Amino acid sequence: MNSTTPRSSAFTPTTLDPKSTDSTPPRSQARESHLRGSRREFLGTGAAASLAAGVFVHAGVSAAEPARELRLGVVGCGGRGSGAINDSLTINDGVKLVALADLYTDKCARLRSTLAQAHGEKVAVDDQAMHGGLDGYRRIFDDPQIDVVLLTMPPGFRPTLLREAVEAGKHVFAEKPVCVDPAGYRSCLATHELAVARGTAIVTGTQYRRQVNYLGAIEQIRSGAIGEIIAGTGTYCSNGIWYRPRQEGMSDAEYQVNNWMHFIWLSGDQIGEQAIHTLDTINWAMGENPISAFGSGGRFTRPADSEMWDSMAVDYEYPGDRFVSFTCWQIPGAATDLHVSLRGTKGTCHIGAINAGCRIVDRSGREIWQMKGSIADAYKQEHKDLIDSIRAGNPIVELRQTADSSLVAIMGRMAAYSGKKVTWTFASEESQLDLFPKDLTWDASLPQPQWAIPGKTPLV
Ligand SMILES: NC(=O)c1ccc[n+]([C@@H]2O[C@H](COP(=O)([O-])OP(=O)(O)OC[C@H]3O[C@@H](n4cnc5c(N)ncnc54)[C@H](O)[C@@H]3O)[C@@H](O)[C@H]2O)c1
């Protein structure tokens, strides 16, 4: 274990008492109320079915505060945490980074140093405002001076930290995916409602929803350029991903959280951690959630103790007898392909990821529309939208749509792992899958990693 991390560090997943969403208890009372519950207690509430749909731009609760400096804290100072805070400090005026949390405080210190060089006085992080360990983030949430938190730690932690951040009155930027199992999905739906009730923003790291050519393509589809969508294909096929070997002295918990990509309770597998961008675009274009998922996949190249599969291929059925075929893989040496193609009665819309651009062809194959866009601009736009919405007193709350897309990935994974068809109803309302270990501590022993085997892995 890194010497900068307190050994007492512990992480206990907690839940929101859904009955508390209609009022704002004092901070200490909110803390007590969420410590009482467990995620399982919350599953029986049926709250999911009654929640409002999609993005919610809150009107009326928060006062507009155009002039006040907004103070930011980051939880998770790795690759994306560094990128996200850099984007926010670059695009926004009147913001200041004041706190950092990571498992390892030396990662906080490195990020502080890099950002200070780039952003000068916008970076004001005291030594005491760099927090280590699994639960160091709570000191950021408990700091009343901090307005906005960026949640860029591994996905498995996201549902609990999202809820705790909103309970603490923070505005949030949360990376994707926002959950890795149905229990986390239902927690996110409750947190969405809580954020709406309390007037705190939640913007998510589904940056393509802010990329101009994606917005242009969706506008074309909505205005009828390809007619009615009748089918589609989507891919997220890439070459591979990092693996962080176990260091001498690491407990199971430290090893798995550090090498989080390879453990499903932390990453959700590639379909959730990475390919969600494709699934989110499909869901956005289709305008609704799929009815069911049926698929397969396997593992050929992963390290022995990785739980990840190399590839998955899933057919999603959408209402109206419309099917979207989806494929993802991370296989060194195999082709890279990242696209969504939506086939309509009058034409096809091809959406290429990153900076590849979008185009529409008619049924004869003739191009009738095209547009380019910049992913770098989209990464910044999400942080501008977040801060602008807070300043305007209309905080964006878009957790639900990203929770839905996360569940699309989860149901695809459940179908492939089990070898059974998985319905939206089962995944969203009935499944009891809750992957997060109970009472996680730095020194915890965790079960031996196991990868799924269709026909043997149960659907729970
Ligand atoms: N939107 C995008 O295009 C995009 C791109 C890359 C990553 N991401 C997402 O960003 C998230 C982070 O990915 P990354 O590539 O930065 O991973 P990373 O491993 O580089 O960084 C994660 C950091 O979180 C820290 N961490 C782990 N548990 C923590 C805890 N309990 N409290 C505080 N810190 C903790 C780790 O020590 C690490 O520094 C993932 O959800 C990933 O899917 C999104």
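Every number in this text was worked out from the coordinates using simple rules, so none of it is lab data. Keep in mind it's a predicted model, so treat the numbers as computed, not measured. Backbone-built Cβ (ideal geometry, glycine too); neighbour counts: all protein chains shown.
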Within straight-line cross-link reach of Lys384, aspartates and glutamates at Cα separation under 12 Å, skipping those fewer than 8 residues along the same chain: Asp87, Asp93
Residue order, fewest to most surrounding Cβ atoms within 10 angstrom, among His119, His171: His119, His171
Where labels lie 7 Å past Cα in the beta-carbon direction, separation of Asp377 and Glu228 in nm: 3.5
Under-5 Å amide H pairs with Gly419, H placed in peptide plane, nonlocal only: Gly455
Phi to ³J(HN,Hα) by Karplus 6.51 cos²θ - 1.76 cosθ + 1.60 over region 377-386, Hz, x for Gly, Pro: 5, 5, 4, 7, 4, 5, 6, 5, 4, 4
Prolate/oblate/rounded call for region 304-444, Cα gyration tensor, a/c under 1.5 rounded: oblate
DSSP beta bridges in the chain [antiparallel fraction, %, rounded to 5]: 60
Distant-in-sequence amide H partners of Ile291 (H built 1.01 Å from N, under 5 Å): Glu317, Tyr318
Beta bridges by DSSP in region 218-335, antiparallel share as percent, to the nearest 5: 65
Cβ-Cβ FRET estimate between Lys346 and Asp321, R0 fixed at 22 Å, reported to 0.05: 0.75
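Please compare each pair in Lys170/Lys380; Lys170/Lys372; Lys346/Lys372 to a cut-off of 32 Å on the Cα-Cα distance and tell me which ones are over it.
Lys170/Lys372
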